[in-house]
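Enquirer: Following this message is one structure expressed as structure tokens.
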Amino acid sequence: MKRIAIIGGGISGLSAAYTLEEKRQSGTPVQYMLFESSERLGGVLVTDHVDGCILEAGPDSFLTEKPWAADLCRKVGLGDQLIGSNDADRKTYILTKGKLVVLPDGLMFMVPTKIIPTVLSPLFSVRTKMRMAAEWFHPPHKASEDETVAQMVERHYGSEMVDLLADPLLSGVYGGEASQLSVRAVLPRFADMEAKHGSLGRAMLSARVKMAKATKAPAKPLFSSLKDGMQQMVDALVANLDAGSLKTSAPVQTVIPQDNGWTVSAGYQTDHFDAIIIATPAQAAAVVLETADAELARELGGINYSSSVTVTLGYDEKVRRSLPPGFGYLVPRSEGHRMLAATFVHNKFPHRAPENRALIRGFLGGARDEQILEASEGEILQIVRAELRKIIGLTAEPLFARVYKWKSAMAQYSVGHLERLQRIEALRQKLQGLALAGNGYSGIGVPDCVRSGSEAASKILSEMGMWSSA
């Protein structure tokens, strides 16, 4: 019987545990023990229910095009609970010069694929629109070394596009800055498109045409979630695992390779395992691995993280009627606000709130505003309400409010990240029976974390000669 320790009970660790549980139940001689330092499992996937509304403390959904999260939901019996975003009303605004301006039709991420809506949009200056037109003739270009997203976007469209779109979009996803994040790690498709086609606009349009011809199925919603909130996924996973193999409030201090396996020290207890999966943030993994391999720990510690704060405010039917249609808005840093974005949850996922309630979700923090974590909940609410008043004229008192703080929750894939991953993998391979999982490596979204955990478990079982695709 092989014993495997999983360190970290977020969605990555739980996905690894589920993969092992599947094998255990199919007769594979394997046991696992999951160690989680906090009192609960699931990490940032936390759902609250207030006044008939569903509030997400962390991620409210995941990208539909990445299949791993939805596939796992179906495996644990949540197939009938999967829902899509209300894309019929999908409209996003950018705050520019104090006013909300809708993103023009045909804009895919930050790449314009329709000329007329872009030319007619008041969002961009004449100079940027001319850059967009010229971009269609951009020659193929393969960067000799890694570069930032800002450098690539500015080369194609100019600095205004970085300020209005690239930076706000990446702030929302990564909590980072376009001037710091790696193109190859964050937007690898863009790097490939530029190398093959030159123009991002032509490449994106070509890809969309090919996709439309390849499938006649109706378009899938951009985002997917669960009827009763993202914590449903955690609860279902935990229910499918062996309860005796899950240890909460059990922080692991060190792991040491010993006797053809690993000794895990958690509190005053030590235990021996044949292999370990470390599914914590990379910097926490660095601390745990310091004694085992100082060089690997240094590389892991070099992956930086940013923090975030989410605020959800509930309002009555009158406010709901007064709000702009669409999913919400993004705020460029140049506008001088601390809120990075706001989502009109009742529009994005109508079932999250009754028809007589409005739900507004604000985002703060990120790489440039770590100090927001030091503010009290009252101070944060004051900031959010003041900015909502200034941006959308919302003066009403909220019926309820919730503030959630997430310290060092979002990995920052800075320039050179992929090269760092290669060094980490080379060092990992020298330590038999070690796998790494989490959002610090190859994707920060929920589907990426699910894939990361599952692949880590598969890797360990494969090294033990206990894995087959059957």
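The values are calculated or read from the model by the stated rules, or taken from the named source; none is laboratory data. As the structure is a prediction and not an experimental result, all values here were calculated from the model. All Cβ positions, glycine included, derive from the backbone under ideal geometry; neighbour counts span all protein chains shown. Ligands, DNA and RNA are excluded from the accessible area calculation, which covers all protein heavy atoms including side chains. Shrake-Rupley method; radii C 1.70, N 1.55, O 1.52, S 1.80 Å.
Enquirer: Determine ³J(HN,Hα), in whole Hz, for all residues of the stretch 323-329 in sequence, where each value follows from phi through the Karplus function 6.51 cos²θ - 1.76 cosθ + 1.60 and θ = phi - 60°; x replaces Gly and Pro.
Expert: The phi angles translate into 7, x, x, x, 7, x, 9 Hz.
Enquirer: Another question, if that's okay. Relative contact order for the stretch 206-348 using alpha-carbon pairs under 8 Å, separation at least 6, rounded to a whole percent? Display every interim value, and only then the final one.
Expert: Numbers: 111 pairs, mean separation 15.6, N = 143.
So the answer I get is 11 percent.
Enquirer: Right, next: Please find the FRET efficiency linking L418 to F109, where r is the Cβ-Cβ separation and R0 is fixed at 22 Å, and quote it to the nearest 0.05. Spell out each step's value before the answer.
Expert: On the way: r = 20 Å, r/R0 = 0.91.
Using R0 = 22 Å, I get an efficiency of 0.65.
Enquirer: Could you derive backbone 3J(HN,Hα) for the stretch 442-453 from the dihedral phi with the Karplus parameters 6.51, -1.76 and 1.60 (θ = phi - 60°), listing whole Hz in sequence and x where the residue is Gly or Pro?
Expert: 9, x, 9, x, 4, x, 5, 5, 4, 4, 4, x
Enquirer: Follow-up question, since we're still on this one. May I ask for log10 I(q)/I(0) of the stretch 282-366 at q = 0.16, 0.19 Å⁻¹, from a Debye sum over the Cα atoms as equal point scatterers with solvent left out?
Expert: Result of the Debye calculation: -0.70, -0.82.
Enquirer: Reachable lysines from K142, Cα under 21 Å, same-chain residues fewer than 8 places away excluded?
Expert: Those lysines meeting the cut-off are K196.
Enquirer: May I pose another question? Hey, how many Å between the Cα centroid of the stretch 94-132 and the Cα centroid of the stretch 312-365?
Expert: Computed from Cα coordinates, the inter-centre distance equals 22 Å.
Enquirer: Report the semi-axes of the equivalent ellipsoid for the stretch 243-292 in whole Å, largest first, where each axis is √(5λ) for an eigenvalue λ of the Cα gyration tensor. Before the final figure, lay out each step's value.
Expert: On the way: eigenvalues 50, 45, 22 Å².
Semi-axes from the Cα gyration tensor: 16, 15, 10 Å.
Enquirer: Here is a follow-up. What whole-number value in cubic angstrom gives the convex hull volume per residue for the C-alpha atoms of the stretch 49-93? Don't skip to the end; give the middle numbers.
Expert: On the way: hull volume 6.4 nm³, N = 45.
In the stretch 49-93, the Cα convex hull volume per residue is 143 Å³.
Enquirer: Once the Cα gyration tensor of the stretch 194-297 is found, what semi-axes does its equivalent ellipsoid get, as square roots of 5 times the eigenvalues, in whole Å, sorted largest first?
Expert: Working: eigenvalues 384, 115, 29 Å².
Calculated on Cα positions only, the semi-axes equal 44, 24, 12 Å.
Enquirer: Ok, one more. I want to verify the translational diffusion coefficient of the stretch 309-436 in µm²/s; compute it with Stokes-Einstein, Rh as the Kirkwood radius over Cα pairs, at 10 °C and 1.306 mPa s.
Expert: Roughly 94 µm²/s, to the nearest whole number.
Enquirer: Cβ neighbours within 10 Å, averaged per peptide: list 132-141, 175-184 in order, most packed at the top. Kindly include the intermediate steps, with their values, before the conclusion.
Expert: Values: 132-141: 14.2, 175-184: 22.7.
In decreasing order of mean packing, 132-141, 175-184 become 175-184, 132-141.
Enquirer: Calculate how large, on average over all directions, the projected area of the Cα convex hull of the stretch 111-192 is; give the answer in nm² to one decimal.
Expert: Values: hull surface 21.6 nm².
For the stretch 111-192, averaging the hull's shadow over all directions gives 5.4 nm².
Enquirer: Let me ask something else. Heavy atoms only, probe 1.4 Å: what % of the accessible area of the chain goes to carbon and sulfur, would you let me know?
Expert: Values: 10880 of 21040 Å².
With neighbouring chains kept in place, the figure for the chain is 52 percent.
Enquirer: Could you tell me the center-to-center distance, by alpha carbons, between the stretch 246-311 and the stretch 403-469 in angstrom?
Expert: Result: 13 Å between the Cα centres.
Enquirer: Can you tell me, using C-alpha contacts under 8 Å and at least 6 residues apart, the relative contact order of the stretch 163-279 as a whole percent?
Expert: Details: 64 pairs, mean separation 10.0, N = 117.
Over the stretch 163-279, the number comes to 9 percent.
Enquirer: Rounded to the nearest whole Å², what accessible area per residue is found for the chain with the 1.4 Å probe? Numbers along the way, then the final one.
Expert: Working: 21040 Å² over 470 residues.
Per residue, the chain has 45 Å² of solvent-accessible surface.
Enquirer: Related question: Provide the per-residue ³J(HN,Hα) series for the stretch 356-369, in order, calculated from phi with Karplus coefficients 6.51, -1.76, 1.60 and θ = phi - 60°, each as a whole number of Hz, with x at glycine and proline positions.
Expert: With coefficients 6.51, -1.76 and 1.60, one gets 9, 10, 10, 10, 10, 10, x, 10, 9, x, x, 4, 8, 9 Hz.
Enquirer: Could you compute how fast the stretch 33-74 diffuses translationally, taking Rh as the Kirkwood radius over C-alpha pairs and applying Stokes-Einstein at 37 °C with viscosity 0.692 mPa s? Give it in µm² per second.
Expert: Details: Rh = 12.7 Å.
The diffusion coefficient I find is 259 µm²/s.
Enquirer: Pick out, from G445, S334, A219, the residue whose Cα sits farthest towards the positive end of the charge dipole of the chain, with +1 on the Cβ of Lys and Arg and -1 on the Cβ of Asp and Glu.
Expert: So the residue we want is A219.
Enquirer: Report the one residue of P324, Q432, F273 whose Cα lies farthest in the direction of the positive end of the charge dipole of the chain (charges on C-beta: Lys and Arg +1, Asp and Glu -1; origin at the Cα centre).
Expert: Positive-end residue among those listed: P324.
Enquirer: Quote the charge dipole size of the chain about the Cα centre in Debye, to the nearest 20; the model charges only the Cβ of Lys and Arg (+1) and of Asp and Glu (-1). The partial results should precede the final answer.
Expert: Values: 52 positive and 51 negative charges, 334 e Å.
Around 1600 debye, computed over the chain.
Enquirer: Can you quote the Å³ per residue value for the convex hull of the Cα atoms in the stretch 273-317, rounded to an integer?
Expert: On the way: hull volume 5.1 nm³, N = 45.
So the per-residue Cα hull volume is 114 Å³.
Enquirer: Compute from the Cα atoms of the stretch 382-434 the Rg and the Dmax, the latter being the longest Cα-Cα distance, and quote both in angstrom.
Expert: Calculated on Cα positions, Rg and Dmax stand at 22.0, 60 Å.
Enquirer: log10 I(q)/I(0), Debye, Cα-only the stretch 1-147, no solvent, q = 0.13, 0.19, 0.21 Å⁻¹?
Expert: Debye output, listed in q order: -0.91, -1.20, -1.33.
Enquirer: Do the sum for the chain: with -39,500 (n - 2.57) for every DSSP H run of n ≥ 4, divided by all residues, what is the mean residue ellipticity at 222 nm, to the nearest 500 deg cm²/dmol?
Expert: Working: 17 runs with 167 residues, N = 470.
That comes out to -10500 deg cm²/dmol.
Enquirer: Would you please give the FRET efficiency between K99 and Q25, computed as 1/(1 + (r/R0)^6) with r the Cβ-Cβ distance and R0 = 56 Å, to the nearest 0.05? Can you show the working numbers first?
Expert: On the way: r = 57 Å, r/R0 = 1.02.
Efficiency for this residue pair is about 0.45.
Enquirer: Can you list residues from other chains, or at least 5 along the same chain, whose modelled amide H is less than 5 Å from the amide H of V44?
Expert: Correct list: I11.
Enquirer: Under a Cβ-only charge scheme (Lys and Arg +1, Asp and Glu -1), can you give me the dipole magnitude of the stretch 190-337 about the Cα centre, in debye to the nearest 20? Kindly include the intermediate steps, with their values, before the conclusion.
Expert: Details: 14 positive and 15 negative charges, 297 e Å.
So the dipole magnitude of the stretch 190-337 works out to roughly 1420 debye.
Enquirer: If you take every DSSP beta bridge fully contained in the chain, what fraction is antiparallel? Give it as a percent rounded to 5.
Expert: Values: 53 of 71 bridges.
Close to 75 percent.
Enquirer: How high is the relative contact order of the chain? Use alpha-carbon pairs under 8 Å, at least six apart in sequence, and give a whole percent. Walk me through the numbers on the way to the answer.
Expert: On the way: 934 pairs, mean separation 115.3, N = 470.
It comes to 25 percent, rounded to a whole number.
Enquirer: Next up: Translational diffusion coefficient, Stokes-Einstein: compute it for the chain using the Kirkwood radius over C-alpha pairs as Rh, at 37 °C and 0.692 mPa s, and state it as an integer in µm² s⁻¹. Don't skip to the end; give the middle numbers.
Expert: Details: Rh = 23.6 Å.
Once the numbers are plugged in, D ends up at 139 µm²/s.
Enquirer: Moving on to the next point. For K247, what charge total do you get from the other residues with a beta carbon under 13 Å from its beta carbon, if Lys and Arg give +1 and Asp and Glu give -1?
Expert: Numbers: positive: R40; negative: E36, E39, D242, D271.
Residues near K247 contribute -3 overall.
Enquirer: Additional query: Could the peptides 360-369, 379-388, 253-262 be put in order, highest first, of the mean number of other beta-carbon atoms found within 10 Å of their residues? Display every interim value, and only then the final one.
Expert: Working: 360-369: 22.5, 379-388: 18.2, 253-262: 15.6.
Highest mean packing first, the order is 360-369, 379-388, 253-262.
Enquirer: Of V162, V44, I115, which is farthest on the positive side of the dipole of the chain, counting Cα position, with +1 on Lys and Arg Cβ, -1 on Asp and Glu Cβ, and the Cα centre as origin?
Expert: I115
Enquirer: Using a cut-off of 11 Å between beta-carbons, work out the net charge of the residues near G158 (Lys and Arg +1, Asp and Glu -1, G158 not included).
Expert: On the way: positive: R127, K129, R131, R155; negative: E135, E154, E160, D163.
Counting the neighbours of G158, the net charge comes to 0.
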